[in-house]
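S.K.: Can you keep this structure in mind? I'll have questions shortly.
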Amino acid sequence: QVQPVESGGRLVQAGGSLRLSCAASERTSGIYAMRWFRQTPGKDREFVAAITWGGGSTYYADSVKGRFTISRDNAKNTVSLQMNSLKPEDTAVYYCNIRASVDYWGQGTQVTVSS
């Protein structure tokens, strides 16, 4: 009942940009960080980026550093992932993860990067 909702995924060409958003439920309490993960069929979920709720510290996987930017809006309980210079390897279902007393996961949004 506190599941976050991702949006923004679509088909884009390599080199293009995309902005993903994640909205946390108003009922979600005690958030200390929000993260983005991605997953392709048959592969494990991969960490992409994270941001702390209090200080806004950011963390990125090496594969996306310099290309992706994570940001937050604490008042709206939202987090965004700006994805630039997209590569076919970025193709995946992107999931929003809320770190609170327990972890909450969204249903994911599909990002497909064509070559």
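The values are calculated or read from the model by the stated rules, or taken from the named source; none is laboratory data. Keep in mind the model is a prediction, meaning the values are calculated, not measured. Heavy atoms of the whole protein, side chains included, go into the accessibility calculation; ligands, DNA and RNA do not. Shrake-Rupley method; radii C 1.70, N 1.55, O 1.52, S 1.80 Å.
S.K.: With springs only between Cα atoms under 10 Å apart, run a GNM on the chain and tell me which of R38, R19, R27 wobbles the most.
M.R.: R27
S.K.: Using a 1.4 Å probe, what is the accessible area per residue for the stretch 7-62, in Å²?
M.R.: Value returned for the stretch 7-62: 57 Å² of accessible area per residue.
S.K.: Going by Cα centres, the stretch 42-115 and the stretch 21-41 are how many Å apart?
M.R.: The distance from the Cα centre of the stretch 42-115 to that of the stretch 21-41 comes to 9 Å.
S.K.: As an exercise, take the mean of 1/r over every pair of distinct alpha carbons in the chain, invert it, and state the Kirkwood radius in angstroms.
M.R.: Roughly 14.0 Å, rounded to one decimal.
S.K.: Please state the relative contact order of the chain as a whole percent: Cα pairs under 8 Å, 6+ residues apart?
M.R.: About 38 percent, as a whole number.
S.K.: If you count only protein heavy atoms and use a 1.4 Å probe, how large is the accessible surface of M34, to the nearest 10 Å²?
M.R.: Ignoring ligands and nucleic acids, M34 comes out at about 0 Å².
S.K.: Right, here's the next one. What is the diffusion coefficient of the stretch 67-115 in µm²/s, taking the Kirkwood radius over Cα pairs and the Stokes-Einstein relation at 25 °C with a viscosity of 0.890 mPa s?
M.R.: Value of D from the Cα-based Kirkwood radius: 198 µm²/s.
S.K.: Could you please state how large a percent of the accessible area of the stretch 30-87 is carbon and sulfur, counting protein chains only and using a 1.4 Å probe?
M.R.: Ligands and nucleic acids excluded, carbon and sulfur reach 46 percent.
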